[in-house]
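Working notes, beginning with the structure itself.
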Amino acid sequence: MNRVGRRFELRLDERLWAKVREEARERGIAMAEVIRESLEARYQVTTEQKREAARELCRIGASVDDWERMEDEIGGEHNH
């Protein structure tokens, strides 16, 4: 997987180091990839969060039938 991003140093205790190393070896991937996957899983948007966002759009009567207009409205909000 080709990723461009920031680099940082992470220190793990022996127990976590061994768990990450073991999983990486079992799956044939780098330890860094195991950690990236864990972070992605931790911070991904859940289906329930997506549903709640959709419910909120319905509550405020946001028009979603014209995507370009919606993008303009969203962009306008961030510019104020």
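The values are calculated or read from the model by the stated rules, or taken from the named source; none is laboratory data. As the structure is a prediction and not an experimental result, all values here were calculated from the model. Cβ coordinates were reconstructed from backbone atoms using ideal geometry, including for glycine residues, and neighbour counts include every protein chain displayed.
Of the residues screened, residue 76 is not one that is modelled with pLDDT of 90 or more and either surrounded by 11 or more Cβ atoms within 10 Å (Cβ to Cβ) or not polar (S, T, N, Q) (or both). Counting only residues that are polar (S, T, N, Q), surrounded by fewer than 12 Cβ atoms within 10 Å (Cβ to Cβ) and assigned to a helix (DSSP H, G or I), region 15-67 holds 2 of them.
Counting only residues that are of a type in the set (A, V, I, L, M, F, W, C), within 25 Å of the chain's Cα centre (by Cα) and modelled with pLDDT of 75 or more, region 49-66 holds 4 of them.
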